[in-house]
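The values are calculated or read from the model by the stated rules, or taken from the named source; none is laboratory data. Since this is a predicted model, take the numbers as computed values, not measurements. Note that we place each Cβ from the backbone using ideal geometry, even for glycine, and neighbour counts take in every protein chain shown. The protein model used for the area step is the full one, side chains on, heavy atoms only, and it has no ligands, DNA or RNA in it. Shrake-Rupley method; radii C 1.70, N 1.55, O 1.52, S 1.80 Å.
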Amino acid sequence: MYALDDTVAAVGTPPGHGGIGIVRLSGPDAVSILQRVFQPAHGADLTARRITFGQVIDPDTGEVLDEVLAFYMPAPRTYTRQNTAEIQGHGGPVPLQRILNVVLRFGARLAEPGEFTLRAFVNGRLDLAQAEAVRDLIEAQTEASHRIAVDQLGGRLSGAVRRVRRQLLDVLAYLEASIDFTAEEVPPQDIVTPLGSAAKGIGRLLQDADQGIVYRQGARVAIVGRPNVGKSSLLNALLRVERAIVTEIPGTTRDTLEETINLRGVPLVLIDTAGIAESEDRIEQLGVARSREALRQADLALLVVDGSQPLRTADGEIADLVGNRPAVLVVNKSDLGSPVVDVGAMLPDAPHVVVSAVTGAGLPELEEALANAVLSGRVMPSDCLLVSNPRHKALLEQAAEHVQAALEAHERGLPADFVSIDVMSAVTALGAITGETASEDLLNTIFSQFCVGK
Ligand SMILES: Nc1nc2c(ncn2[C@@H]2O[C@H](COP(=O)(O)OP(=O)(O)O)[C@@H](O)[C@H]2O)c(=O)[nH]1
Ligand SMILES: [Mg+2]
């Protein structure tokens, strides 16, 4: 991995044109580089933690690059725990790039993606789960996922994980002492109670993790059915805009089309698909292949049938394709009279909702059914601590298994070193959530997904 003790710089604002744009620096030379390129306005003074107005001037040519606000903060009370400096200029790609180039010419290195936050982590300003929350916060798509990210950034998840880890470390310390010393030197201790309590703590975190993951990542919903049942109309109705082309001609939708809605805090990607049918048309055939693929990759299927017509064999065939994956059955076109179809036997485990994509009747019930399906019927209280990252869930599951194995080994009367191996593994798994036991590979994977400048 690259050095983390030199001075790095990057544009911290997104590419494009905006009101302001920020070049940020972190590292030992952040302040001296700022002093070289920044000229305070007459009468102003560049002092620590005070915003100063002035110009960025290329010292080699004397050219004025921008009028800016600038400040610096000395280590250690900064985001990276290093000296940091910021130049807030006008938000255009050319002036920002030119300011950055001068800064780089005077000794800074271009920051790697996520390097500011990696430095914050390595220097103890944030733990790993908090660092991951920084990215979740930036990428949050709904208020619910935003709230979860803020919570995690504040350290609530880390605190809960650390409490469990500490309990296990106490058990481990005792087990290791009991291996090395006699029973007189280290009197026997109860380990069943702390192990059981750790198992319970992990269980509580895992309990709602699937819902938390759905809030953070959203869910993919494939709208499937045979041609002309109203799939595209339903997409438009749920989006409340005329996004997809709707006609009475079967085979109108030939490609899949994706749009995201916010359904009770869950970002739902709705995928309108081509009607699944036998077709001679080559484009339509390709569309049907995509529909099948969309269905395969979806978290949830929305199977639409036309309630104004008797069911056809094709409806049943598509229901077979849906199989036993999570699904909602939509009986559409209720405005044409009460459903003539009997869908009782179709997708018997899925909720059935009668709607009209044209009048909007039944849409609130459909949204309710969708929300229940993706959240498994659970609604989160707003103060609930949610695990929302699949990485954390997987590590918690590992930890739970090892604690269980340790308890079983102890109950079977196996020697302390057998028990301690599993306790150690659980401690390691939990430490990988907060970063105490994270490998360099893991850090690379996590931070390379950040943007440059964060
Ligand atoms: N009466 C009525 N017509 C509908 C309804 N939903 C869709 N349609 C009509 O059915 C035809 C096919 O709709 P479309 O959304 O393109 O179906 P798709 O092929 O499944 O995407 C169009 O003429 C729509 O106006 C509905 O709820 N009621
Ligand atoms: Mg369509």
Counting only protein heavy atoms and using a 1.4 Å probe, what share of the accessible area of segment 226-296 belongs to carbon plus sulfur, as a whole percent? 49 percent
Antiparallel as a % of all DSSP beta bridges within the chain, to the nearest 5? 65 percent
Computed over segment 18-102, protein heavy atoms only, probe 1.4 angstrom, the accessible area per residue in square angstrom equals 49 Å²
For LEU311, list long-range residues whose amide hydrogen, built 1.01 Å from N in the peptide plane, is under 5 Å from its own amide hydrogen. ASP342
Roughly how many debye, to the nearest 20, is the charge dipole of the chain about its Cα centre, given +1 on each Lys and Arg Cβ, -1 on each Asp and Glu Cβ, and no other charges? 1020 debye
Residue-averaged 222 nm ellipticity for the chain, from DSSP H runs of 4+ at -39500 (n - 2.57), nearest 500: -14000 deg cm²/dmol
Anisotropy class of segment 217-374 from Cα gyration tensor, a/c 1.5 cut: rounded
What are the ³J(HN,Hα) couplings of segment 9-20, residue after residue, when phi is run through the Karplus curve with 6.51, -1.76, 1.60 and θ = phi - 60°? Round to Hz, x for glycine and proline. 9, 6, 7, x, 9, x, x, x, 9, x, x, 10
Longest to shortest principal axis, alpha-carbon extents of the chain, angstrom: 79, 79, 38
Hey, can you rank 42-55, 19-32, 153-166 by average C-beta count inside 10 Å, highest first? 19-32, 153-166, 42-55
For segment 217-374, what does the accessible surface come to per residue with a 1.4 Å probe? Please give it in Å². 47 Å²
If the reach is capped at under 18 angstrom between alpha carbons, list the lysines near LYS333, excluding any in the same chain fewer than eight residues apart. LYS231
Within 10 Å of each candidate Cβ there may be at most 14 other Cβ atoms; applying that plus a DSSP loop requirement, which GluC sites (Glu not before Pro) in segment 5-96 survive? GLU63
What lysines sit close enough to LYS200 to cross-link, taking a C-alpha to C-alpha distance under 27 Å and skipping anything fewer than 8 places away on the same chain? LYS393
